[in-house]
Amino acid sequence: MPKVASPAPRADWAKRPLPSRMNITLVRGVSGPPAKYCIVEIMGAIQNKLEGPVSDELTLVRAAKQGDDSAFEELVRRYDRNVFRIAQHITQNREDAEDVVQEAFLKAYGNLQKFQEQSKFYTWLVRIAVNEALMKLRRKKPERTVSLDEDIKTEDDSLPREIADWSPNPEQQYTQAELREILSKTIQGLPPGFRTVFVLRDVEGLSTEETAAALELSVPAVKSRLLRARLQLRERLGRFFQKRENGHLNRGDVNRGDGNQ
Amino acid sequence: MKCSEFLHELTNYLDGVIDENTKVELENHLSWCHNCYVVCDTTKKTIEIYRDSQLYELPEDLRGKLRSAIMAKCQQHKKRGPQSV
């Protein structure tokens with residue numbers, strides 16, 4: 001039986017006021033849905049972290065193709081942080097991530113003429129970076145083949161076992177350093193294929209189609225991995241963020257290190 | 001709608017890519033199923049926490065070093081020709 005933290009009676013629960021974060025949607029003037037159902041619009045508001053319009057990107061790419069290195073440098077400047085973040089999420093190692101950033105941009109530079117301009121340059125770059133990062137991981141963990149196609153399990157394996165609610169703003173109960181430790185260890189525990197999809201979709205804000213293109217996966221495969229990644233992370237984070245029965249935060253031991261299972 | 005069906009649609013729901021009828025069914029389910037509400041809400045929080053976490057930010061000094069190294073290697077590549085990558 002799933003553990004449920006003191007469920008409110010249905011009628012009362014339905015009338016419960018919204019957490020403040022949800023109210024943002026109303027301020028944004030989204031029409032239609034009652035306040036209780038604003039999750040979709042909130043999620044829709046997730047924007048990717050890229051800067052600058054795509055057309056500008058294409059101008060830079062074309063200039064770089066013509067041999068303008070300052071244009072290529074501008075592309076590096078624009079995307080290096082994204083590539084680093086993706087690489088470290090996949091490799092879970094800072095030095096490896098630094099290597100991946102260099103290798104990915106160098107590879108992009110060397111193969112720029114082959115870039116067909118049918119996708120965004122950034123999607124193409126991410127594809128190169130993901131491949132480089134996975135190669136690093138394979139070299140480090142040769143005993144375990146790292147592939148994006150792994151981890152296909154039965155349909156029910158992602159059903160939540162732990163359903164207790166979290167305390168409000170649980171991340172604020174930890175220092176920035178503790179929180180980063182928790183988030184890092186938690187995502188480390190996910191199979192590479194899952195955390196790659198999660199970081200591209202939910203951290204970097206690529207669309208499902210872009211993620212599928214970058215990883216050479218089908219759209220349904222991306223969706224399936226994303227759902228499982230999200231649910232697994234949610235369940236693991238629950239150890240740190242759950243409410244206790246007395247309403248206080250269940251402060252998990254940050255240093256317990258049980259993200260690595 | 002059963003909880004498993006709700007869960008199946010959760011990612012589409014959170015991403016706002018479901019048709020109106022399914023959305024009505026999901027929200028009807030959410031309005032009475034506390035467990036699914038909690039799963040939906042905490043999953044949303046999970047995404048937000050990671051997205052806003054600034055985990056693995058590239059420090060500016062390291063960023064500068066990496067960019068210099070990349071551009072230097074690009075120059076070498078240019079001199080040596082396209083076979084060097």
Considering each of B:Tyr50, B:Tyr56 in turn, give the residue that is facing another protein chain (nearest Cβ under 9 Å), at positive phi and buried (at least 19 other Cβ atoms within 10 Å of the Cβ).
-> B:Tyr56
Which residues, taken from the range A:64-80, are in contact (Cβ under 8 Å) with a residue 12 or more places away in the chain and at the interface with another protein chain (Cβ under 8 Å from one of its Cβ atoms)?
-> A:Phe72, A:Val76, A:Asp80
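Restricting attention to the range B:13-29, does a residue exist that is within 21 Å of the chain's Cα centre (by Cα), facing another protein chain (nearest Cβ under 7 Å) and part of a helix (DSSP H, G or I)?
Of the range B:13-29, the ones within 21 Å of the chain's Cα centre (by Cα) are B:13-18.
Imposing the further condition that a residue be facing another protein chain (nearest Cβ under 7 Å) reduces the set to B:13-16.
So of that shortlist, the ones also part of a helix (DSSP H, G or I) come out as B:13-14.
Scanning the range B:13-29 turns up at least one residue that is within 21 Å of the chain's Cα centre (by Cα), facing another protein chain (nearest Cβ under 7 Å) and part of a helix (DSSP H, G or I).
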The range B:1-29 - residue that is among the β-branched types (Val, Ile, Thr) and out of contact with any Asp or Glu (no Cβ under 7 Å at 6 or more places or on another chain) and, of those, farthest from A:Gln232 (Cα to Cα) | B:Val24
Please specify each residue of the range A:82-93 satisfying the condition of being facing chain B (nearest Cβ under 7 Å) and touching a residue at least 12 places away in the same chain (Cβ under 8 Å).
-> A:Phe84, A:Arg85, A:His89
State whether one or more residues within the range A:94-116 are under 13 Å from A:Tyr79 (Cβ atoms), in contact (Cβ under 8 Å) with a residue 40 or more places away in the chain and among the β-branched types (Val, Ile, Thr).
-> no
The range B:59-73 - residue that is more than 7 Å from chain A (Cβ to nearest Cβ) and small (Gly, Ala, Ser) and, of those, farthest from A:Glu171 (Cα to Cα) = B:Ala72
Hits in the range A:173-216 - residues which are in contact with an Asp or Glu (Cβ under 7 Å, 6 or more places away or on another chain), within 12 Å of chain B (Cβ to nearest Cβ) and touching a residue at least 40 places away in the same chain (Cβ under 8 Å) = none
When both residues are 6+ apart or on different chains and their Cβ atoms are under 9 Å apart, which pairs have a first residue that lies in the range B:52-68 and is modelled with pLDDT under 90, and a second that is of a type outside the set (Lys, Arg) and not in a helix (DSSP H, G or I)?
-> none
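Give me the residue from the range A:61-101 that is part of a helix (DSSP H, G or I) and over 27 Å from the mean Cα position of the chain (by Cα) and, out of that set, surrounded by the most Cβ atoms within 10 Å (Cβ to Cβ).
First, the residues of the range A:61-101 that are part of a helix (DSSP H, G or I): A:61-65, A:69-91, A:94-101.
Restricting the remaining residues to those that are over 27 Å from the mean Cα position of the chain (by Cα) gives A:62-65, A:69-71.
Details: A:Arg62: 14, A:Ala63: 16, A:Ala64: 23, A:Lys65: 14, A:Asp69: 14, A:Ser70: 10, A:Ala71: 16.
Restricting to residues being part of a helix (DSSP H, G or I) and over 27 Å from the mean Cα position of the chain (by Cα), the top hit is A:Ala64.
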In the range A:87-121, which residues are of a type in the set (Ser, Thr, Tyr) and modelled with pLDDT under 95?
-> A:Thr91, A:Ser119
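The values are calculated or read from the model by the stated rules, or taken from the named source; none is laboratory data. Keep in mind it's a predicted model, so treat the numbers as computed, not measured. Cβ coordinates were reconstructed from backbone atoms using ideal geometry, including for glycine residues, and neighbour counts include every protein chain displayed.
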